[in-house]
1. Measure nothing fancy, just the Cα-based angle from helix 324-338's long axis to the longest principal axis of the chain, in degrees from 0 to 90, nearest 10.
2. Using the C-alpha atoms of the chain, what convex hull volume per residue, in cubic angstrom, is computed?
3. Ranked from highest to lowest mean number of other Cβ atoms within 10 Å per residue, what is the order of the peptides 415-423, 293-301?
4. How are the C-alpha pair distances of region 195-291 spread across 5 Å bins, as whole percents from the shortest bin up?
5. Between residue 395 and residue 549, with labels modelled 7 Å along Cα→Cβ, what's the label distance in nm to one decimal, could you check?
6. Kindly provide the Kirkwood hydrodynamic radius of region 426-555 in Å, to one decimal, from all pairs of distinct alpha carbon atoms.
7. Using the C-alpha gyration tensor of region 8-258, what are the square roots of 5 times its eigenvalues, in whole angstrom, with the largest one first?
8. Give me the distance in nm between label points sitting 7 Å out from Cα along the Cα-to-Cβ direction at residue 385 and residue 402, one decimal.
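Every number here is computed from the coordinates shown, using simple stated rules; none is lab data. All figures in this text were calculated on a predicted structure; none of them were measured in a lab. As a convention, Cβ positions derive from the backbone with ideal geometry for all residues, glycine included, and neighbour counts pool all protein chains shown.
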Ligand code: ATP
Ligand code: MG
Ligand code: MG
């Protein structure tokens, strides 16, 4: 299916830049404004795909702007990570990288301008009083400071800036409409006092603009034509427009909202993701179970699979919760085309081919990718002693079991020979330690010389003498609950206690010895795997299962 090429945002923009439109003949200019207080997650990907993708579609520009006007949790560490993640996805902002905090002087100047026009006043209500005054009824009370003389507000605002007052003592509020049905228009706060040092401005400021005030100013100063944002800003749009209209700004950007992305079995909120990290529920922001970009990357997700996902979920105005299975589907689709095929045995048990001469070995030829003949073939060693998956043998078969059991059906060792199980060896506790089989020397390559039907399964294997050890990490949903993000749930109680399974002593083909992240492999019958970019070292290979082979996603 082709990625959706035109959505409702595109339709608005076409109108805006067309004849008689608000931006007739102008270059479309968007921006992506992440707050550097955490790592980007797949929800941000949706937003940035829309921001950068829309600009691309119209031959326009997209700025990257750090929305760092709140000093509380922001950090330079996140700024670098955000840039890396966006580049990794393949988007580029060129030289249009900005910080919201670079506009603090301008924000201040605009606020003074509003006070002078009688459109803002210094208020002394505490946050609690403010809530109460603003009310939840149709007739909110007036702040006793609403009609404070302009000169007095100007003086107090300057002294707020100079650090003469403690936090919470004063705020600057817009004078808009106390009777508005939209609470955001009931004299919203524009500035508050905060003495925390800012990650870039240090202690230069102790008053900070609110997002709803700073954001439209930033957009207008950067010449943004279309300010695309998620739906929770819809009822902030009247305030956005009020700020642009009443401040002294060079342009009037248009805000357009789209639905946030939700994915089942996970949470998409930096606050909650941070909590998982801080409480040690995961190994870090880049834990392969995290829906962060760095987590998905470490898990083995490719930029192409994520961009495909974002394009195919579409852009709609109504809330959309997408199945995690669809994200996996997009990855599987990509890796199926590109991943090198190989064999690995993750729960190994010995297989001895009793009629194969001791000390002898040979090589057999297998394809690297049946979907891509150009990927070629490789030679793998075969001998009397092999490793197979322990669940490919059962001493007593269950109904329909087509793999190895004593006197069971003939099975095919992938790319090598046909074998028939003859028995097994057990230890003193009765556990099977070795499977015994005989091979048909006339079936080299895997097909019988006389053309007889092979009734058993094709199983994967590795040669014991040449195999190398590896650690393999299998993942399941981080949350057992389908909707851990729901308002009435404690997401920490929804965690899946079995989301990580670590297997050691796994046996892989020796060709993997030199593999390095971010290479992806299909382990035959087991799924797609990648090397763990943090923990895998030569001599200690660690593989993450990116996604299993079986597609649970129903189209
Ligand atoms: P969080 O709640 O995770 O902190 P946020 O919206 O506060 O998210 P920002 O860094 O401000 O995080 O987000 C940057 C942009 O990404 C915003 O424009 C926001 O609308 C958008 N965004 C964030 N989460 C999602 C999501 N789940 N789906 C779509 N867009 C999102
Ligand atoms: Mg935000
Ligand atoms: Mg946030």
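1. 60
2. Taking only Cα atoms, the chain has a hull volume of 195 Å³ per residue.
3. On the way: 415-423: 21.2, 293-301: 25.0.
Averaged packing, sorted descending, gives the order 293-301, 415-423.
4. Bin by bin from 0 Å, the calculated values are 2, 11, 15, 13, 12, 17, 16, 9, 4, 1.
5. Calculated label separation equals 2.8 nm.
6. Evaluated over region 426-555, this radius sits at 18.5 Å.
7. Gyration-tensor ellipsoid for region 8-258: 32, 22, 16 Å.
8. 3.2
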